[in-house]
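Below is one structure; the comments refer to it alone.
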Amino acid sequence: MRLLPWTGTDGKACYLSTDDPGCLLSRLADDVEAAQLASAETVLAGAGAVPHDDKSGERSVRFALTRAVEPLGDVLRIAVSRRGDTR
């Protein structure tokens, strides 16, 4: 069973059961995961600069942290599913 990188409309995890890693849904999941990882890299680069900027105020820090939490959750879902944990 493969944990997909999105949830259902009810917020519950979605799984794919197939023996074919090249099927359309598997390839779509791979593409979504790649986009999530790219987003995480972009957010990390931007958010990582905020604490080092003496001009960053509370609003900037809150914004950076809020944006960083979103892709971090996505990346953790990918990593956890890859090691076989079904949290």
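In table form, for the structure just shown:
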read-out	value
Radius ratio Rg over Rh of the range 1-48, counting only Cα atoms, Kirkwood formula for Rh	1.09
Share of carbon and sulfur in the accessible heavy-atom surface of the range 22-87 [1.4 Å probe, %]	61
Nearest-10 value in Å² for the accessible area of Glu58, using the 1.4 Å probe	130
Length gained when the stretch Glu70-Ser39 is fully extended (0.36 nm per residue, less Cα-Cα span)	10.2 nm
Candidates Ala49, Ala38, Ala68, ranked by Gaussian network fluctuation over the chain, Cα under 10 Å, top entry	Ala49
Under 5 Å, built H, 5+ apart or other chain: amide partners of Cys14	Leu4, Trp6, Gly8
Accessible surface of Val75 - all protein chains present, 1.4 Å probe, nearest 10 Å²	40
Exposure rank, largest accessible area first [Ser39, Ser26, Ser56, Ser17; 1.4 Å]	Ser17, Ser39, Ser56, Ser26
Gyration tensor over alpha-carbon atoms, the chain, equivalent ellipsoid semi-axes in Å	32, 13, 10
Sites Asp30 and Arg62, calculated FRET efficiency, Cβ-Cβ separation with R0 25 Å, nearest 0.05	0.15
Computed lengthening from Ala49 to Arg82, 0.36 nm per intervening residue step minus Cα-Cα distance	8.9 nm
With DNA, RNA and ligands ignored, accessible area of Arg27 (1.4 Å probe; Å², nearest 10)	120
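The values are calculated or read from the model by the stated rules, or taken from the named source; none is laboratory data. Computed from a predicted structure; not experimentally measured. Note that each Cβ is placed from the backbone with ideal geometry, even for glycine, and that neighbours are counted across all protein chains shown. Remember, those area values only see protein heavy atoms, side chains included, never the ligands or the DNA or RNA. Shrake-Rupley method; radii C 1.70, N 1.55, O 1.52, S 1.80 Å.
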